[in-house]
1. If you scan the stretch 108-150, which residues turn out to be polar (S, T, N, Q) and either in contact with an Asp or Glu (Cβ under 7 Å, 6 or more places away or on another chain) or surrounded by 18 or more Cβ atoms within 10 Å (Cβ to Cβ) (or both)?
2. I'd like to know if the stretch 60-67 contains one or more residues that are over 14 Å from the mean Cα position of the chain (by Cα), loosely packed, with under 13 Cβ neighbours inside 10 Å and of a type in the set (S, T, N, Q).
3. Output the qualifying pairs, or none if there are none: Cβ atoms under 6 angstrom, residues six or more apart or on different chains, first residue in the stretch 16-40 and charged (D, E, K, R), second residue surrounded by 13 or more Cβ atoms within 10 Å (Cβ to Cβ) and at pLDDT 95 or above.
4. Test each condition in (1) in contact with a helix residue (DSSP H, G or I) (Cβ under 7 Å, 6 or more places away or on another chain); (2) within 23 Å of Q25 (Cα to Cα) for E104 and report the one that comes out false.
5. Return the residues of the stretch 68-80 that are farther than 25 Å from W142 by Cβ and surrounded by 13 or more Cβ atoms within 10 Å (Cβ to Cβ); say none if nothing qualifies.
6. With (1) assigned to a loop (DSSP other than H, G, I, E, B); (2) in contact with a helix residue (DSSP H, G or I) (Cβ under 8 Å, 6 or more places away or on another chain); (3) modelled with pLDDT of 95 or more as the list, and A22 as the residue in question, which single condition is left unmet?
7. Restricting attention to the stretch 41-81, and to residues there that are free of Cβ contacts under 8 Å to residues at least 24 places away in the same chain and of a type in the set (D, E, K, R), which single residue is farthest from Y118 (Cα to Cα)?
Amino acid sequence: MKALNDLLFSVAACGLLATCPALAQETPAGAPAGVKLVEAKDVQALQAKGAVVVDTRRASEYAEGTIKGAINVPYDPEKSAKDAAFDPAQDKFDLSKFSDKNQEIVTFCNAGSCWKSYKSAVMLSKAGYKNVNWYRNGYPDWKARKLPTE
């Protein structure tokens, strides 16, 4: 009974705070098919070689700070389930921003429970882009490492 009460309290507290990362569905630990999972050092190396680094967060989040040199292509609106089997037809991600299907592309967002970069990586891969990278740890990790931002 105590466990049930604790869970109900957590759910209620999350509702009052309007956010609850602990109960949010986490993105998969591994990359989806056709996508490479990368870390901050990999992002730096790819960017130095000309990769397009894509911030998939809303324009307002991008404006508050992003990885230096990243472009903003918001994955918005995100209406599909936060699940690896999501339906891309419910969402919007502007693939026309990427003309070269052989270009190295790195997607990122707010890590963990933020699904925008995962979903955009899936959409890019399914659309035939061959060098798609997903920086799962995203902007919070980049910032914590004190790497260049703008």
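The values are calculated or read from the model by the stated rules, or taken from the named source; none is laboratory data. Note that the structure is predicted; figures quoted are calculated from it, not measured. Here the Cβ is made from the backbone with ideal geometry for all residues, glycine too, and neighbour counts use every protein chain on show.
1. Scanning the stretch 108-150 gives N110, S113, S117, S120, S125, N131, N133, N137.
2. yes
3. Hits for this filter: K36/N133.
4. Unmet for E104, out of (1) in contact with a helix residue (DSSP H, G or I) (Cβ under 7 Å, 6 or more places away or on another chain); (2) within 23 Å of Q25 (Cα to Cα): (2).
5. Within the stretch 68-80, just S80 meets the criteria.
6. A22 satisfies all of (1) assigned to a loop (DSSP other than H, G, I, E, B); (2) in contact with a helix residue (DSSP H, G or I) (Cβ under 8 Å, 6 or more places away or on another chain); (3) modelled with pLDDT of 95 or more except (3).
7. Only one residue tops the list, namely E64.
Conditions (1) of a type in the set (G, A, S); (2) at pLDDT below 95, marked per residue:
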position: A3; (1), (2): yes, yes
position: A13; (1), (2): yes, yes
position: P28; (1), (2): no, no
position: V35; (1), (2): no, no
position: D42; (1), (2): no, no
position: Q47; (1), (2): no, no
position: A51; (1), (2): yes, no
position: T56; (1), (2): no, no
position: A59; (1), (2): yes, no
